[in-house]
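Heads up, the thing below is written out as structure tokens.
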Amino acid sequence: MIWVTRDHVHMDRVACPWLIKRFVDAEAQFDFVRFGSDEQAPEGTIPFAIPGAELGPHDADGSTFRKILRKYEIDDPALEMLAAIIESGITHVFSQIKHGTTDVAALPHPEGIGLDAISQGMMHLCDGDLDDIERSLVVYDALYAYCRGKLLEASRADLRELPVPQRWDAVKTELNRTGG
């Protein structure tokens with residue numbers, strides 16, 4: 001299937017293709033409409049993060065990433081945590097635009113600030129949106145592993161008690177054992 005979003009992908013609109021390819025449609029292809037235009041997705045495609053689309057852009061109902069989780073009934077605590085990180089990044093972006101600063105302590109997941117920095121850097125580094133999506137897949141693979149690891153550590157006192165390097169190794173072993 002062809003999925004369509006606005007061009008100049010950034011954070012949520014890069015995370016969504018990762019989510020789609022990994023959990024919804026492994027054969028997904030992506031196309032783009034111009035950011036800021038009234039252009040709509042072509043008939044027969046699935047629009048996301050486009051105003052007016054069922055899977056619209058981030059708003060009071062959450063990020064587009066979270067909307068995809070809900071629509072496709074993907075129940076995974078690590079993906080919920082990843083959605084919260086993305087939403088913290090979105091809050092950071094709009095705080096920077098509006099105030100020139102971000103109250104880091106007020107963010108549920110300050111990792112979102114780093115995700116914004118990586119996303120902006122990828123926009124500068126990549127040769128267009130498709131290249132950005134392709135090269136960012138590993139970033140979201142890593143962030144998903146991070147979320148899975150943090151949730152695992154939170155649920156296991158035996159892991160939290162290990163010295164840091166041994167904890168990292170034990171979490172990695174456990175994630176690999178459980179399919180991650």
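The values are calculated or read from the model by the stated rules, or taken from the named source; none is laboratory data. In this text the structure is predicted, and so the values were computed from the model without any measurement. For neighbour counting, all protein chains shown are included, and Cβ atoms are generated from backbone atoms with ideal geometry for every residue, glycine included. Heavy atoms of the whole protein, side chains included, go into the accessibility calculation; ligands, DNA and RNA do not. Shrake-Rupley method; radii C 1.70, N 1.55, O 1.52, S 1.80 Å.
Of all the numbered requirements in (1) touching a residue at least 24 places away in the same chain (Cβ under 8 Å); (2) in a helix (DSSP H, G or I); (3) hydrophobic (A, V, I, L, M, F, W, C); (4) open to solvent by 70 Å² or more (accessible area, probe 1.4 Å), Phe35 misses one, and that requirement is (2). Contact map, the range 93-104: residues that are in a helix (DSSP H, G or I) paired with residues that are among the charged types (D, E, K, R) and surrounded by 10 or more Cβ atoms within 10 Å (Cβ to Cβ), Cβ distance under 7 Å, separation 6+ or inter-chain. Pairs shown: Val93/Asp116. With the structure loaded, tell me whether Glu43 is open to solvent by 80 Å² or more (accessible area, probe 1.4 Å), more than 25 Å from Ser88 (Cα to Cα) and without any contact (Cβ under 8 Å) to a residue 12 or more places away in the chain or whether it fails that test. In short, yes. Of all residues in the range 130-154, those that are of a type outside the set (A, V, I, L, M, F, W, C) and open to solvent by 90 Å² or more (accessible area, probe 1.4 Å) total 2. Here the helices (runs of 4 or more DSSP H) wholly within the range 120-180 that include at least 1 residues being under 14 Å from the mean Cα position of the chain (by Cα) and not hydrophobic (A, V, I, L, M, F, W, C) are 129-155.
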